Amino acid sequence: MSDDTQDHDGSRRDFLYLSAGAFGAVGLGAALWPFISSMNPSADVLALSTTEVDLSQIADGQRVTVKWQGKPVFIDRRTPKAISEAESTDLADLRDPQTDADRVIQPEWLVVVGVCTHLGCVPKGQKPSEQRGDWGGWFCPCHSSHYDTSGRIRKGPAPLNLPVPPYEFLNDTNIKIG
Ligand code: FES
């Protein structure tokens, strides 16, 4: 073994030793952080739990998908026809009875979590080219669940309507989900 190699190994051991010391310090900091952060959530932690959406970018009849807490949320700027179909539905025809008024803040805007309540697939229908099922809402191809224009389950194995997440209007054109 040459002197060069010994020097090299020596400096490498020093480096590893120093790194271990540094990681030890980081580990201590990481162990303390959850206690501090749970008492006083930072702004970026709070921001991750909400999603703001500018509705002015969405055209009449258009559907867009946004991400909220890792889940897809469907936003549908509903046409007058879609609204009237949702509002005129007889509650007796529904598996999970809910009026459309109970599921929207403004009838023009439907906001629902886009996760099928059967086994968690993401239903089709966000793009105009996709199937929307027999009631013109969404269709889950995994086991053929059909949702209406209010996101309510109408046919297939899914037991419940697409959930409405907590959200509020910040002004005429912006909502905050979460
Ligand atoms: S997961 Fe949607 S129908 Fe089964």
Q) For Lys81, what is the net charge nearby, where nearby means another residue's Cβ is under 15 Å from its Cβ and Lys, Arg count +1, Asp, Glu -1? A) -3
**Q.** Surrounding net charge for Glu168, when Lys and Arg each add one and Asp and Glu each subtract one, Cβ distance under 14 Å
**A.** -1
Q. Does the stretch 59-139 come out rounded, prolate or oblate by the C-alpha gyration tensor, with a ≥ b ≥ c the root eigenvalues, rounded set by a/c under 1.5 and, if not, prolate when a/b is larger than b/c and oblate if not?
A. rounded
Q.
If N is the number of residues in the stretch 99-164, what value comes out of its Cα radius of gyration divided by 2.2 N^0.38 Å?
A. 1.00
Q. What is the dipole size for the stretch 117-170, taken about its Cα centre, with +1 at each Lys and Arg Cβ and -1 at each Asp and Glu Cβ, in debye to the nearest 20?
A. 140
Q: Can you check what the net charge comes to around Gly61, using other residues whose Cβ is under 13 Å from the Cβ of Gly61 (Lys, Arg +1; Asp, Glu -1)?
A: +3
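Rule-based calculations on the coordinates, nothing more; no lab input. Just so it is clear, the model here is predicted, and its values are computed rather than measured. Every residue, glycine among them, receives a Cβ derived from its backbone with ideal geometry; neighbour counts consider all protein chains shown.
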